[in-house]
Structures are given as C-alpha cells and as structure tokens.
Amino acid sequence: MQGESSAEPTVLIVGAGPAGLFAACELVRHGVTPRIVESRLEPHHETRGTALQPAVLELIDRGGLIEPFLRAGVHIKQVHLLGPGLTQLAAMSLADIGCKYEFQCSLPQWHTEAILREHLASLGVGIEYGTEVKAIEDDAAGLRVTVEAGGREEVFTTSYVLGAGGAHSITRQSMHEHLAGDTYGGRYIVADMKHRLPYQPECGRVIVGAEGFVLVSPLPDERWLIFVNRDEADTRSELPSPAELSELLNRRAGVDLGMYDLRWVSYFNMHMRAAERLSDGRRFLLGDAAHLSSPMGGEGVNAAFMDAADIAWKLALVVRGAGKPALLDSYAVERGAADRHVLEVSDEVHKAVMELVAMCRSHGTPTLPPVDPEKGMATVRRRSMLDLSYAGSALVGQAGTDAEGPAPGERFPARHRLGGSGHHLIVFGEAPHLDHLRTRWDGLVSVVEASSEGFDAPAAGVPDGGAILVRPDGFIGFRATPLNEATMDALDAHLASYLVSWSH
Ligand SMILES: Cc1cc2nc3c(=O)[nH]c(=O)nc-3n(C[C@H](O)[C@H](O)[C@H](O)COP(=O)(O)OP(=O)(O)OC[C@H]3O[C@@H](n4cnc5c(N)ncnc54)[C@H](O)[C@@H]3O)c2cc1C
C-alpha cells in the first residue's frame, strides 16, 4: 500500500551499522539531524569487526565519544607472529607511533554499535528499525525514496542519502555501481570464544603453520576473536560444532588451545573490492557499501568510521549553507584514495600471512630477517592507519615556501588539542589581514595565536613562522609560510573556494 508523503528529511542514512551510526553521531555534532532507517527489526549481537585502530580512536575522541570505548574495550599494544608450536617469529609494538592512542581498542562490533546508538538516543535521535529502503530514484526536488515498514510503503523526497547499508547496498545499486575487484581464495571461519592459553589481553597473535593460520585477537571479559582457514575439502554449509572447531584450531596451531565457551561462529569470504564512484553528488557510499577489504588487515570497520567522519563535516556545512558543493565533491576524491589504500594495506597483510603458510608447508618453520627499525615503524603506522594523507585533494593547498614537518593533507600532530567542530587557523607570528580573515570566516574558522596557546612552530611544519589551517577532521588543509600578504590572501582564497562567508 502506498502511504502519504511524510515530512522531508534533508539527510537520510540507510543502515545502522558502524558507518551509519557514526555518520549520524558526527552529523548531529556538526549541527544536522538525519533520519536513520535500518531494515533489521532489532540490533544484532555479532562480534565481527573488533579492533579499532589508533587513528580511528582519534576520530572517536574528536567526536566526544572516547570514554565509553576505552572503558568497554581491551587495549591491544602488540601483535605477535608465531610459527608452528607457537614459536615466536616476529613482534610488532604500537609504542611511540606518534598518536595519543598507542593501542588498538578491541570490543565486539555489537558493543561498538550499542555505544553509538546510546549516544544518539541521549541526543534524542532514534533509529527506525524494521524499515527497509526499497528504492532510491532521482527526482527534480532531490532523491525520491521508497521505504517499507511493517507492510506499509512510504515515499518521500530527501536532499541527500548516505548509503551505509553494507555489502549489498541499495544505494550503490541505485547508482548502478558495483564492488569491482576480487574475492580471495579459500574459506574462512570467524568465532568468539575462550581458550586456555596463558595469554595476556594486551597482545594479538597470528599463528601460521603448514595447514594454514589462526588469528587470535583479544576481546573484553577474557574472550577472543579467532579467524581460521577451513580445510580445502570442507564445503559444508552447516556451521562446525564446538568440538569440530576446537579440533581444527588445534591442528592449525600445533598445540591444544583449550577452546571453550564458543559464543558466536560464522563462515565468511574475504574480498578486495571497491566501488569506482563513491558519490554522484547526492548519494554517498560509506563503509562496506563502498569497499570490502581482507579482515586480516583489521581495517574494514575502521574505514567505515573514517568515511563517516569525512562526509559528516562536509555535508553538514553544505546543509547549513556554509559550504559550497565543491566540498561534497571532495568526499569521493579523498575517501576514494584512502579506501584504495586500505585495500592495499589489508592485501599486504593477507598475502604476507599466506606466504608464511606456504613457507611452513615447503620448508618448516620460517626464519624472518630482522626488520630495519625505521621501516618497521612505517609499517606499524601504516597498519594503524596513521599514514593517511589527503594531499592532492582540492581541499588541500599551500602558499609560500616548502618546509620540513607535516605536509598539507596530513594529520596535524597536535589535533587532539583543538576542540569544537569547526576549522582552526593556527598563526605563528604576526599575520597581515588577520582581523579581516577573522571577521570574514567568523563562526567557521577559529583563529588561534600559537604563542599564547603553546603550539610549536617546527612541529607544526612552519619553523620560520606561518599559518596552518586545520580542517574539522584534524587534517592540515592549508599551510601559509612565511606570513605575508600573498600567503594570507592565498589562504583566504582557499577558504573561499569551498566555504560560504557570512560577511564579504
Ligand atoms: C561474519 C562477518 C565477520 C566479520 N569479521 C570482521 C573482522 O573480524 N574484522 C573487521 O574489521 N571486519 C569484519 N567484518 C566486516 C565488518 O563487520 C564490516 O566492515 C562492518 O560491519 C562495516 O560496517 P557498515 O556499517 O559499513 O556495514 P554493516 O555493518 O553491514 O551495516 C549495514 C546495515 O545496513 C542495514 N541495511 C542494509 N540494507 C538496508 C536497506 N535497504 N534499508 C535499511 N537498512 C539496510 C543492514 O541491516 C545493516 O545493519 C565481518 C563481517 C562479517 C559479516
């Protein structure tokens, strides 16, 4: 039955997984309340994507939500690679990675979603469960959306749709996009269980052997998430019994893991896939709707958070009339490149594990060469998602001379010291036209005098003085150095390329 058109929301979020929920939290923080629909009748209770990477903890912190995550999760400070019989082959530590959070925070995905949902509820934003989006069509007034809830159909028009519906996204289908790429060979099992090895929860482990691998990653309450490859010949569709799974794990690890209290188990495939276009200007694809990476990299759910944070600040500015459409164009450019990087890093981890398995099969326990400390740190930062850069985007620029230090497009190192949801302009020295700039971008850009706030010029990338524009996501949007009329005018023109000034 066709219902009456209801009030028109400006932003519709399709799907209340991590991507949709965090996008909603961030949109509200930036001053826009979306409508969120979810086809499930109620929240799920699956463990799935667990480890939140340091770079994502920073984003969650900016969103004002870090405390419940830190309370609920275990802090993984190291990852060990073990060979047959649990002999240690290599270790990776997250110490000194150049981030406020030198650990992954691990908790079941259902709990992550519960924290986000409770936050939204505390802000008065509810999720419409049992509401499935059936169609999204172009319309003169925006996008015409058909949803079905309890057997009733509702049709309404919305200005923007955030497609966070996961791998089978209706939003992506409505854009005639598909997830291009490959599915990795092999079949895999993921489970949430306890084991009897004397392992501390600060450390994740990957065990490789001739028959395959077991990934053992800590969860709260002395529980563990495991991934294991199935036997090649095992093509059954029914899930393994606890005894069968325990036997499989022991064979892979070469020791008795003592598995017990199996709580959740699922088969899954691993992919390396992405949509070519993340947006058509009104629809935006986030999370699994946009890309699928091997969970061996532990970045899938993290990339969903990053997509959500990125579109939220941009869309909120546009919806509030303070941003030009160019701002929205940058989502596909910036997150498209970042998401491809996620796929590459996850692929690198996936292949490294599979190569070790092949080495175990052909030569027994492999010996790994010592890692150069500098290269080792670059690897840890890459896997912690701290190497992200938006250089090359139209939202990133510079004027004046090149300088050592963080480049435009990279994370501003002291980003955790900048509160609020707007841009910050940190000025190191006497800047011409500063009052004009302050007035012109009032309410959008907060001017910070570096000397009175104790910011360090060399660490900020302006050893000879200058101005650093930090975007709402904590990335460097523009660097002007040295301070003079030409560099400050260029900075002003950069802001004017995507923001709408209240005063001219
Ligand atoms: C079995 C399994 C194991 C996994 N293990 C790991 C892991 O160990 N590590 C890791 O990093 N990642 C893992 N993942 C992936 C991780 O769960 C995803 O990356 C993450 O959930 C992506 O979040 P999302 O919000 O983009 O999508 P989802 O979490 O898939 O959320 C999408 C939501 O949209 C809803 N929806 C879909 N279509 C519609 C519609 N038409 N209308 C309304 N609502 C709709 C769905 O019901 C769903 O709730 C696993 C996934 C699975 C399935």
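The numbers here are math on the coordinates, done by the rules we state, and not lab data. It should be emphasised that the depicted structure is a prediction, and the values quoted were computed from it without experimental measurement. Reconstructed Cβ throughout: ideal geometry from the backbone, glycine too, with neighbour counts over all protein chains shown.
Along the range 88-103 the Karplus relation, 6.51 cos²θ - 1.76 cosθ + 1.60 evaluated at θ = phi - 60°, assigns HN-Hα couplings of 6, 9, 6, 9, 10, 10, 9, 5, 6, 8, x, 8, 4, 10, 9, 6 Hz to successive residues, with x for each Gly and Pro. Summing Cβ point charges (Lys, Arg +1; Asp, Glu -1) relative to the Cα centre of the range 397-498 gives a dipole of roughly 380 debye. Applied to the range 285-295, the Karplus parametrisation 6.51 cos²θ - 1.76 cosθ + 1.60 on θ = phi - 60° returns per-residue 3J(HN,Hα) values of 9, 10, x, 4, 5, 9, 6, 10, 10, 4, x Hz, with x for Gly and Pro. Dividing the helix sum by the residues of the chain, where each DSSP H run of 4 or more adds -39500 (n - 2.57), gives a mean residue ellipticity at 222 nm of -10000 deg cm²/dmol.
With θ taken as phi - 60° and the Karplus curve 6.51 cos²θ - 1.76 cosθ + 1.60 applied, the whole-hertz 3J(HN,Hα) list for the range 108-121 is x, 4, 4, 6, 4, 5, 5, 5, 5, 5, 5, 4, 4, 4 Hz, x standing for glycine and proline.
Using the crude model of +1 on Lys and Arg Cβ and -1 on Asp and Glu Cβ, and no other charge, please compute the dipole size for the chain relative to its Cα centre, in debye to 20. Magnitude of the dipole: close to 540 debye. Around the amide H of Gly397, modelled in the peptide plane, lie the amide H atoms of Phe478, Arg479, all under 5 Å away and 5 or more residues distant in sequence or on another chain. Toward the positive end of the charge dipole of the chain, about the Cα centre and with charges on Cβ (Lys, Arg +1; Asp, Glu -1), which of Gln200, Ala243, His416 goes farthest? Highest projection toward the positive end goes to Ala243. For Asp139, what residues show an amide H to amide H distance below 5 Å, using hydrogens built from the backbone and excluding near sequence neighbours? For Asp139, the qualifying residues are Arg144.
Taking the average, over residues, of other Cβ atoms within 10 Å as the packing measure, peptides 165-178, 361-374 rank 165-178, 361-374 from highest down. Other residues within the sphere of radius under 12 Å centred on the Cβ of His494, judged by their own Cβ, net out at 0 (K and R +1, D and E -1).
Plugging the Kirkwood radius over Cα pairs into Stokes-Einstein for the chain, at a temperature of 20 °C and a viscosity of 1.002 mPa s, what D comes out in µm²/s? Before the final figure, lay out each step's value.
Details: Rh = 24.1 Å.
The Stokes-Einstein estimate is 89 µm²/s.
Computed from point charges on the beta carbon alone (+1 for Lys and Arg, -1 for Asp and Glu), the dipole magnitude for the range 1-119 about its Cα centre is near 220 Debye. Within the range 191-246, the GluC sites (Glu not before Pro) that combine a DSSP coil assignment with at most 15 other C-beta atoms in a 10 angstrom radius are Glu202, Glu222, Glu232, Glu238.
Taking amide H as placed 1.01 Å from N in the peptide plane, the amide H of Met259 sits under 5 Å from that of Arg196, each at least 5 places away or on another chain.
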